[in-house]
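Following: one structure in structure tokens, then a few remarks.
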Amino acid sequence: QVAARADGVWKVYGSGEAQVVALRGVNVELERSRYTAIMGPSGSGKSTLMHCLAGLDTVTRGDVYIGATKVTGLKDKALTRLRRQQVGFIFQQFNLLPTLSAEENILLPLSIAGRKPDQAWFDTVIETVGLRDRLRHRPSQLSGGQQQRVACARALVSRPEVIFADEPTGNLDSRSGAEVLGFLRDSVRSFGQTIVMVTHDPVAASYADRVIFLADGAVVSELHAPTADGVL
Ligand code: ADP
Ligand code: ADP
């Protein structure tokens, strides 16, 4: 089961002398219920690849799939609907709305999509991220780690095909970072969530099942964590 796929994806920004080739025919297949990290030096194309996979950015050549849906070629309206239904985002800067409570932030993607939350699932997500006693707080009343846990809950509550996390621990101290990473890993193990995370941090990447290394717009190597039935 493939949650997302890039097939020979090229991304070229600008033209003429200002032209930048950000991706050079990238092929990746992201299996369902896996935690994948994308690493590589600054400028290697990590954000571009993630944005193309998430349907936030168009590709110059090649195809992108989310689940069974071919993203490339979708019209804006269909693309927006696909992103709302199938994709969750976690950002370095949390991107919570300051005037809304934690609970309202968590439910926002569902409200925008006109969907009702499943109460049992909402409760499960809240227990998992440990936010039960913080639901009425505003973002400014929460620590960075708590804010990122709100963002994780917001991504998870709509049960998207894939959650894309862009440097999710970049603004956190190491203890809060470890909590968030542990929670993301739990959501893969317990709920079968698929997660793709861009990170510079080797500690963050060590939580993943698989690490894809990019350099100069191409996949140059890959690591897989041993599976339970793989070794010993
Ligand atoms: P990374 O996330 O690994 O730092 P990016 O995907 O952000 O790399 O960038 C890859 C290359 O594409 C870099 O050379 C960057 O300068 C260029 N790039 C990224 N976004 C744009 C853009 N909007 N316009 C022009 N060039 C861009
Ligand atoms: P950066 O990684 O440069 O700090 P962000 O993480 O804030 O930037 O955003 C990364 C990209 O995701 C940007 O190109 C932005 O347009 C897009 N983006 C930001 N917020 C949202 C959102 N709530 N929904 C969809 N796309 C978003």
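Under the simplified labelling scheme, the Trp10-Asp123 pair shows an inter-label distance of 5.4 nm, with each label point 7 Å from Cα along Cα→Cβ. Report the FRET efficiency, 1/(1 + (r/R0)^6), for Leu97 and Leu56, where r is their Cβ-Cβ distance and R0 is 22 Å, rounded to 0.05. Calculated value: 0.70.
Note on His224 and Thr80: the model spin-label points, each 7 Å out from Cα along the C-beta direction, lie 4.0 nm apart. What translational D, rounded to a whole number of µm²/s, comes out for segment 2-63 from Stokes-Einstein when the hydrodynamic radius is the Kirkwood one over Cα pairs, at 20 °C and 1.002 mPa s? It diffuses with D of about 175 µm²/s by this estimate. Each principal axis of the Cα cloud of segment 127-232 was taken in turn, and the coordinate range along them, longest first, works out to 45, 33, 25 Å.
Give me the log10 of I(q) over I(0) for segment 65-194 at q = 0.21 Å⁻¹, as the Debye formula computes it from C-alpha points; what are the numbers? Here the Debye-derived log intensity ratios amount to -1.29.
Hey, fewest Cβ within 10 Å first, where do Met50, Met197 land in order?
By the 10 Å Cβ count, ascending: Met50, Met197.
Between Asp186 and His200, the simple spin-label model (points 7 angstrom out along Cα→Cβ) gives 2.9 nm.
Across the alpha-carbon atoms of the chain, the computed radius of gyration and Dmax are 17.6, 55 angstrom.
Rounded to the nearest 500, the 222 nm mean residue ellipticity of the chain from helices alone is -10000 deg cm²/dmol, with -39,500 (n - 2.57) taken per DSSP H run of at least 4 residues.
Label segment 113-176 by shape, choosing from rounded, prolate and oblate, from the square roots a ≥ b ≥ c of the eigenvalues of the Cα gyration tensor; if a/c is under 1.5 it is rounded, and otherwise prolate applies when a/b is larger than b/c, oblate when it is not.
On the way: a/c = 2.02, a/b = 1.32, b/c = 1.52.
Oblate, since a/c reaches 1.5 and b/c is not below a/b.
Centre-to-centre, using Cα atoms only, segment 27-93 and segment 156-206 are separated by 16 Å.
Identify which of Ser143, Ser187, Ser44 has the largest mean-square fluctuation in a Gaussian network model of the chain, with springs joining Cα atoms closer than 10 Å. In the Gaussian network model the winner is Ser143. The fewest-to-most ranking of Tyr65, Tyr13, Tyr207 by surrounding Cβ atoms within 10 Å reads Tyr13, Tyr65, Tyr207.
Per residue, the convex hull around the alpha carbon atoms of segment 156-196 comes to 67 Å³. Between amide H atoms placed 1.01 Å from N, distances below 5 Å from Val12 occur with Ala22, Thr60, all of them 5 or more places distant or on a separate chain. Note on Lys116: aspartates and glutamates with a C-alpha under 14 Å away, same-chain residues under 8 apart excluded, are Glu103, Glu104.
The Cα-based radius of gyration of segment 47-132, divided by its Kirkwood radius, gives an Rg/Rh of 1.02. Beta bridges assigned by DSSP with both partners in the chain are antiparallel in approximately 60 percent of cases.
Need the full-extension length gain, Arg159 to Arg175, defined as separation in residues times 0.36 nm minus the C-alpha distance. One decimal, nm. Before the final figure, lay out the partial values.
On the way: separation 16, 0.36 × 16 = 5.76 nm, distance 2.65 nm.
Stretched out fully, the Arg159 to Arg175 stretch lengthens by 3.1 nm.
Just so you know, all these numbers are worked out from the coordinates, no wet-lab data involved. All of these numbers come straight from a predicted model, not from anything done at the bench. Please note: Cβ atoms are built from the backbone with ideal geometry, for glycine as well, and neighbour counts cover all protein chains shown.
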